[in-house]
Each structure stands twice: as C-alpha cells, then as structure tokens.
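Worksheet: one structure, shown below.
Bear in mind these aren't lab numbers, they're just calculated from the coordinates by the rules spelled out. Keep in mind that this is a model prediction, so the values were computed, not measured. Reconstructed Cβ throughout: ideal geometry from the backbone, glycine too, with neighbour counts over all protein chains shown.
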Amino acid sequence: MTTAQKELIKATVPILREHGVALTTHFYSRMFKHNPELKNVFNMGNQGNGKQQLSLALAVLAYAEHIEDPSVLVSAVTKIGHKHVSLDIRPEHYAIVGQHLLASIKEVLGEGATDELIAAWAAAYQQLADLMTGLEKSLYSEAATKEGGWTGWRPFIVKQKVKESEEITSFYLYPSDGGKVADFLPGQYISVRLFLPELNLIQPRQYSLSSAPNGSYYRISVKRESGAGDEPDGMISNRLHDAVQEGDVLEVAPPAGDFTLDTAKQTPVVFISGGVGQTPLLSMLEYLASTESNREIVWVHGCRNRRVHAFNEPITTLEARHGRLQKHIFYDSLDEDMAVEGYYEGVVELDRLKEQALLQDADYYVCGPAPFIRKQFEDLAAMGVSREAIHYEEFGPANLVLS
C-alpha cells in the first residue's frame, strides 16, 4: 500500500466508528443476496441477532486504525484465522467477500466513495486477505499432517449422549471411519454442522472440547440455549438436545482455537468460569489430572444453582484425588443443605476468596458470558494481577476488548 492510500484508510476511521454496523449490515445483506450458498457457512443465528455485524464492524475499524502497522493485531488475526479454519474457509471465499465489501462501501458512502478511496480499500483488503490466507494455509497444513488429522469436514458418530445437568448434555463423538482423532491443545474447540430443515440450510457451530485429548474421541458439552425476549432459542443446541441420538452422524471440522493451556509451565493455574464457560477449562483441568501434573490448581465456577451445574461430581472426585486442587462454587442461591466450605451464595466474587485465588506467578483462565469475563478481568486487575497473566475466551463473535 502507498502512503497516500494509508492516509485515505485512516480518514475513514470516524465514519467507521459512527456507521460501521450500518456498513457491515449492508455488506452481509448484499453478499447473501448474490451468494446465498454462503448462508451454509455463516452462523445465521448471529446474523439474526446482529452480533456478527457488530463483530465485523469492530474488526474493520481496528484494521483501519492500525493500517500503518497491522502486526499489532496479530492476536485478533490469529483468533479469526482459527475460526476460519474451523469453518473450512478457503482462499476463494476471500474474493467473494472482497467484491461485496468494496461494493458495499460504494453503496453506503455514495459520492464520498471516490475512485481513490475504493482503490485504497481494495489494496487494504488484499493485504489483509494475503495475511489471513497465509496464516490459514499454515493451520490447514498442521491439521492435516497430525496423526489422525484432516481438513474440511469428517463424519463422526455420536456413540454416547450423557445428560450432565438440566441444561447441559455431553456428546461423545467417534470417527465413522474407525480411525484415530487428532490430538488438540486443552481449551480448543471443534465445529459441528447440521442440516436444519426449518431453514433449508446447513449450519455450523463451534463447541469447546470438554475432555482431555485421548486419541479416540472428542467430547463436547452443549448447553440448551433457551431464548428470552428478542433472543430466539438456539437452533443447533436445541436440535442436538432434542433430535440427535446415539448412532447419529455429525460432520466435524478439526480442532482449532488459540485459547489454550500453556502445558510447558509448571506454575499455578486458576480457572474461573461462568455457566457453560467451564467446558474449555474442564479440558485443561482433565489434561493436568491425566498427566499427573503437580501444578497448584484453583477451580472457581459460578452458575444459577445445583440443578444446572454440570460436572460438579467429577471435579469433586478430582479434588479428593489431586492433592493440589481446590474448588470454589458460587450459586445464585444455595439450598439449605449447602452451607458447607467451598460453596458461596451470589455471583463469583474473587475478593471473597482473597489469597485462595491469588497465587504467586499463576495464570488465570476465564471463560463465560461477556459481562462475566469483563467483571473477572477488572476484579483481577484491581487485585494486582497483570494483564499478561489473564487469558479469556468469549463464546460467539468476538466483541469484547479488554486491556
């Protein structure tokens, strides 16, 4: 890109801040009109609730703000690259997206979209596309060359379906070809896709792997997403709960994701989760247990009550067996028989645990709804924990920026 083109991109920053969502909303509408086959690639639930439009608007804004040095966005770019690989996004998709993005800029800005501005954004987009496809090529190669690895979609059989709580059910997925499955880093996820007759579309969703790597199967633990207000029921989660049975076949993409346990460290770890956000942390915990790690571990989990609380018994068993694991459970309301050590009434408040949760040289892994993550991040920072020691994962389109 030329210096003049970069200046043109930076000049659009105020417009993107004010009208970015309008631009991305127009973009998606245009793209799905002209390329309806891409509805099978994108999460149409996130299209309906506006989360994907907001996520893309924030990404485009961040790219424009850092056009002089896109390398500062490496963390965000890596996260997006993993998501693309989990959805089998290929280089040819970038050409389609670029075509509709440039056309949308023209149509939304009208006379303000000069030939020079469109040329600048074309160069900027190509620069980003080259960066992304290079990263994704490397991730695809890594996925394909692992023992038991593959790229694209592979059929898996649901051999076990286990109800873990009133809301969460686990699915044990084995390759239908009888082969091995690729190992993964604790904390990663897989994509699962199903045909939805009511939409006449194939729809993909990402679910964290909730067990330690084992070479034989993948386990996902899915919360039934019940709608409230303007939010509809989860299309895929409800179908998994209600319609998918043992023996059924699901299409699965290889493990991906950069929210992972640093397995090389021997320092303490603190896992902090809200609701179904415990699933990637459970994989990390099971990995530490299966490798007989001697690391000090603190498990902090919050949910509404014991009826919706999944995996409490297995973690209690681990706590009894693992000499350096302690757990702390927060419920919105405690039953009368739960006034025992380790259970607390109310939302997760780390300052109630004090030194029990603040361990020297520890890494903190946080996962749950966006407001939950923000609160725990801010509380940890207020307690003197460095930003570098706090790792978090937001389910769904990335709209949360913490610093």
Surrounding net charge for ARG205, when Lys and Arg each add one and Asp and Glu each subtract one, Cβ distance under 12 Å: +2
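For the chain, what is the mean residue ellipticity at 222 nm derived from helices alone (per DSSP H run of n ≥ 4: -39500 (n - 2.57); sum divided by total residues; nearest 500 deg cm²/dmol)?
Values: 11 runs with 158 residues, N = 403.
Estimated from H runs of four or more residues: -12500 deg cm²/dmol.
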Order of 29-42, 92-105, 278-291, 361-374 by packing, highest average Cβ count within 10 Å first? 278-291, 361-374, 92-105, 29-42
log10 I(q)/I(0) for the chain, Debye formula on C-alpha points only (no solvent), q = 0.07, 0.10, 0.11 Å⁻¹, two decimals, reads -0.35, -0.73, -0.88
Which peptide among 241-253, 78-90 comes first, and what is the full order, when sorted by highest mean count of other Cβ atoms within 10 Å? 78-90, 241-253
In whole Å, largest first, the alpha carbons of the range 269-393 cover along the principal axes 39, 33, 24
Once Rh for the range 3-145 is found with the Kirkwood sum over Cα pairs, what is the Stokes-Einstein diffusion coefficient at 4 °C and 1.567 mPa s, in µm²/s? 82
Computed over the range 1-48, the ratio Rg/Rh where both radii use C-alpha atoms and Rh is Kirkwood: 1.15
Of GLY384, GLY274, GLY215, which is the most mobile in a GNM of the chain whose springs link Cα atoms less than 10 angstrom apart? GLY384
Order by protection proxy (mean Cβ within 10 Å, highest first), peptides 6-13, 186-193: 186-193, 6-13
Would you calculate the separation in nanometres between label points at GLU313 and THR145, each defined as 7 Å from the Cα along the Cα-to-beta-carbon direction? 4.5
Difference of contour (0.36 nm per residue) and Cα-Cα distance, GLN126 to GLU68: 19.4 nm
With Cβ to Cβ distances under 14 Å as the rule, what net charge do the other residues near GLY112 carry (K, R +1; D, E -1)? -4
Using only the Cα atoms of the range 97-202, each taken as one equal point scatterer with no solvent, compute I(q) by the Debye sum, divide by I(0), and report log10 of the ratio at q = 0.12 Å⁻¹. -0.73
Can you tell me the length gained on complete extension of the stretch ALA264 to ARG352, counting 0.36 nm per residue apart and subtracting the Cα distance? 28.6 nm
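When Lys and Arg each count +1 and Asp and Glu each count -1, what net charge do the other residues less than 14 Å away from GLY384, Cβ to Cβ, add up to? Don't jump to the answer; show the numbers that get you there.
On the way: positive: LYS354, ARG387; negative: ASP351, GLU355, ASP361, GLU378, ASP379, GLU388.
Here the count lands on -4.
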Relative compactness, the range 154-252, computed as alpha-carbon Rg over 2.2 N^0.38 Å: 1.07
Quick test of the membrane-span-like rule: which DSSP H helices of the chain reach at least 30 Å along their long axis (C-alpha atoms) with mean Kyte hydropathy at least 0.0? 115-145
How large is the dipole of the chain about the Cα centre if only Lys and Arg carry +1 and Asp and Glu carry -1, each at its Cβ, rounded to the nearest 20 debye? 660
Report the charge-dipole magnitude of the range 3-145 in Debye, nearest 20, computed about the Cα centre from +1 at each Lys and Arg Cβ and -1 at each Asp and Glu Cβ. 460
